[in-house]
Amino acid sequence: MNAGTILYIPVAQAEGGATVTVKGQLYGPTLKLDGTDITTGTAVTIATDSTRYVPLSVEGTGSLYLTGIAIDYAAGSPAATSHTVTVGPNGQYRTIQAALDANDSSETDRLVLKITPGDYREKITVTKPGVTFANADVTAKRAVTIRASYYSSNTFDADGKFVPQDEFDLGTNVFDIPTNSKTVNSTKAIIFNARPANCFLLDICISLTPHSRSYFCVLDILPTSASVAV
């Protein structure tokens, strides 16, 4: 991330606040989270009185080599029970989204997706709370990577209907990014959309590799713990 870049991190409303840890290496610039100077590798407490976007800005000159962002909610607690399904070439489901669509999940009975190491090129939407994405390799020596090689062409017909240009064009939708005292309307291509609170990613890497035609490539997630590779 070069100086001048702002990354907006969605956080859920939760009692007790949350801590955010930005992982990576700074090469010159100042790093600010929600307007406060921070350093990489150090947990910073933020308010979670409402669901909102928290800005992470790279200021000055130089760059940040970002390797991960971890969010830990103080109010988080383990579920009473859980049920596990497997995902992968030899699993119960071949794709992550298929496993999500076919199984229920709640705060009291969590769905655990045990995912075989490998690359998963999917547009994933989580609409159920309490889902855990877990690497089936408990040593985490082999990676589970959800890759983003998609884009948003921002192409519409005369009636204002979005027209995808190819199989990688995910589509656009308008959303609001808060920037200081004003709101900016922009378009985004959502790669991993997990809006319910208390979604867990355990040794899972989400690799954002924007398509050459991409306008925005957005990770829309409210996780307790996640690894994000940009």
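Conditions (1) aliphatic (A, V, I, L, M); (2) assigned to a strand (DSSP E or B), marked per residue:
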position: G4; (1), (2): no, no
position: T19; (1), (2): no, yes
position: V22; (1), (2): yes, yes
position: L31; (1), (2): yes, yes
position: D37; (1), (2): no, yes
position: G41; (1), (2): no, no
position: T45; (1), (2): no, yes
position: S50; (1), (2): no, no
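Within region 93-129, how many residues turn out to be free of Cβ contacts under 8 Å to residues at least 12 places away in the same chain and either closer than 17 Å to R147 by Cα or under 19 Å from the mean Cα position of the chain (by Cα) (or both)?
Final tally of qualifying residues: 3.
Any residue that is within 29 Å of Q13 (Cα to Cα), among the small types (G, A, S) and either assigned to a strand (DSSP E or B) or at pLDDT 90 or above (or both) - is there at least one of those in region 138-154?
Looking through region 138-154, at least one residue is within 29 Å of Q13 (Cα to Cα), among the small types (G, A, S) and either assigned to a strand (DSSP E or B) or at pLDDT 90 or above (or both).
Take region 121-145 and flag every residue that is in contact with a strand residue (DSSP E or B) (Cβ under 8 Å, 6 or more places away or on another chain) and of a type in the set (S, T, Y).
Scanning region 121-145 gives T125, T127, T132, T145.
Filter region 115-144 down to the residues that are of a type outside the set (V, I, T) and closer than 20 Å to T81 by Cα, then identify the one that is surrounded by the most Cβ atoms within 10 Å (Cβ to Cβ).
First, pick out the residues of region 115-144 that are of a type outside the set (V, I, T): 117-123, 128-130, 133-137, 140-143.
Cutting the leftovers down to closer than 20 Å to T81 by Cα gives us 128-130, 133-136.
Working: K128: 16, P129: 20, G130: 21, F133: 28, A134: 18, N135: 21, A136: 17.
Among residues in region 115-144 that are of a type outside the set (V, I, T) and closer than 20 Å to T81 by Cα, the one surrounded by the most Cβ atoms within 10 Å (Cβ to Cβ) is F133.
D34 versus (1) charged (D, E, K, R); (2) more than 16 Å from L7 (Cβ to Cβ); (3) modelled with pLDDT of 90 or more: which is the lone unmet condition?
(2)
Please work out which one of (1) within 14 Å of Q97 (Cα to Cα); (2) in contact with a Gly (Cβ under 8 Å, 6 or more places away or on another chain); (3) among the acidic types (D, E) is the condition E107 fails and give its number.
(1)
The values are calculated or read from the model by the stated rules, or taken from the named source; none is laboratory data. What you see is a predicted model, and the numbers here were worked out from it, not measured in a lab. Neighbour counts are summed over all protein chains in view; Cβ atoms, including those assigned to glycine, are modelled from backbone coordinates with ideal geometry.
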